[in-house]
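The values are calculated or read from the model by the stated rules, or taken from the named source; none is laboratory data. Not measured: the values here are computed from a predicted model. Counting neighbours? That spans all protein chains shown, and the Cβs are built from the backbone with ideal geometry, glycine included. All accessible areas refer to the heavy atoms of the entire protein, side chains included, with ligands and DNA or RNA removed. Shrake-Rupley method; radii C 1.70, N 1.55, O 1.52, S 1.80 Å.
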Amino acid sequence: MSIRNLLPGRIGFGTAPLGNMFRAIPDEEAAATVQAAWDQGIRYFDTAPLYGAGLAEIRLGDVLADKPRDAYVLSSKVGRVILDEVEDPAARQLGEKGALFEHGRPNKIVHDYTADATMRSVEDSLKRLRTDRLDIVYVHDIAQDFYGDDWVAKYEEARTGAFRVLTRLRDEGVIKAWGIGVNKVEPLEMTLDLDEPRPDAFLLAGRYTLLDHARALQRLLPTAAEQGVDIVVGGPYSSGILAGGSHFEYGDAPAHIVDKVGRIKGLTQEHGIGIKSAALQFVLAHPAVAAAIPGATRPSRIAEDLGALTEDVPYAFWKSLRDQKIIAHDAPVPVKDAS
């Protein structure tokens, strides 16, 4: 099914930061941020066991527990099982992501995409989220950035395990849709080439943004649109660098990215618009993209995101980005030339 019929709007709430991704966030601040999203009308929430070893799910569940379950859409992920035993969060093997979530819970994370682990992961997520069901389940991070040269083997483990379990759960009506959530294009292109199983959606983080979109434009997005597989864009602000932060790809931004962001900021100032507006409206302009899910750790960020969605961005701004080769010539933009 198309998740466009399931999602309540074009913007959702990504909870990776609530797992203490870059800093230790007080529980009260995390709760206030989720509540602010709810109060301002956001009804799609995405989370994952990986985010703080279950911390983001727990925090999200604490706030949503008293909300009507039919009033919102909830997605989580499989591929990681969280144990009761503990480990050093800073010493975890997370591929290129290093010590991501080192401020999260110390519970041991096991990477497992088999059928049994998939069922356990779903059941554990339901407990942490204090709910009776998930609407969408994504298979998480079966890609090079986490598994290096072993990523194809991990993908195959998921294809014969998680993919089949989630297809069955969808067919039985236990979940409404399933997909794959990654930071790389290749696993999604590989999946589109399969005869079966057929996912409903892809959650693609960081690979369709103002800063990085050329590869996704070539084949992934056109083929996904052709096959009716909806794209949800995660990380539309590229880990924060496009929203006034200093992180890119979950780490400190390199000099060439800082320079590129500086050029974009210069153009936003010239045209009197916010850089968040440019970042968010750009990703949503592609016809394959069903929604974007920026993350937040402060209540004030929610209003910023919603304002960015509706700010009037002139065509001249998008033309400037194209002229300066900041965005690809064939990247869709929200408005056409009125002249």
FRET E, pair L306, D252, Förster distance 35 Å, beta-carbon r, rounded to 0.05: 0.75
Cα extents of region 1-147 along the three principal axes, largest first (Å): 39, 36, 26
Karplus (6.51, -1.76, 1.60) ³J(HN,Hα), θ = phi - 60°, over region 316-329, in Hz, Gly and Pro reported as x: 4, 5, 5, 5, 4, 4, 5, 4, 8, 6, 7, 10, 5, 5
Quotient of C-alpha Rg and 2.2 N^0.38 Å, computed over region 243-339: 1.09
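Expressed as a whole percentage, what fraction of the accessible surface of region 150-212 belongs to carbon and sulfur atoms when a 1.4 Å probe is rolled over the protein heavy atoms? Intermediate results must be reported in sequence, preceding the final value.
Working: 1030 of 2180 Å².
C and S atoms contribute 47 percent here.
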Percent antiparallel among DSSP beta bridges (both partners in the chain, rounded to 5): 15
GNM result for the chain, Cα springs below 10 Å: residue of T310, T47, T114 fluctuating most strongly: T310
Protein accessible area in region 237-306, 1.4 Å probe - carbon and sulfur %: 52
Rg/Rg_globular for region 124-219, with Rg_globular taken as 2.2 N^0.38 Å and Rg from C-alpha atoms: 1.14
The chain, accessible area per residue, ligands and nucleic acids excluded (1.4 Å, Å²): 40
For peptides 140-150, 275-285, sequence by mean Cβ density within 10 Å, most packed first: 275-285, 140-150
Kirkwood Rh and Cα Rg combined as Rg over Rh, evaluated for region 189-256: 1.06
Under 5 Å, built H, 5+ apart or other chain: amide partners of K108: L83, E85, V86, E87
Sequence-distant residues sharing a close amide H with A292 (under 5 Å, placed H): I11, G12, V233
Descending Cα extents along the principal axes, region 246-300, whole Å: 32, 28, 26
Solvent accessible area, Å² - I109, 1.4 Å probe, full protein context: 20
Rounded to whole Hz, the Karplus (6.51, -1.76, 1.60) HN-Hα couplings of region 25-41, x for glycine and proline: 8, x, 4, 5, 5, 4, 5, 5, 5, 5, 5, 5, 4, 4, 4, 9, x
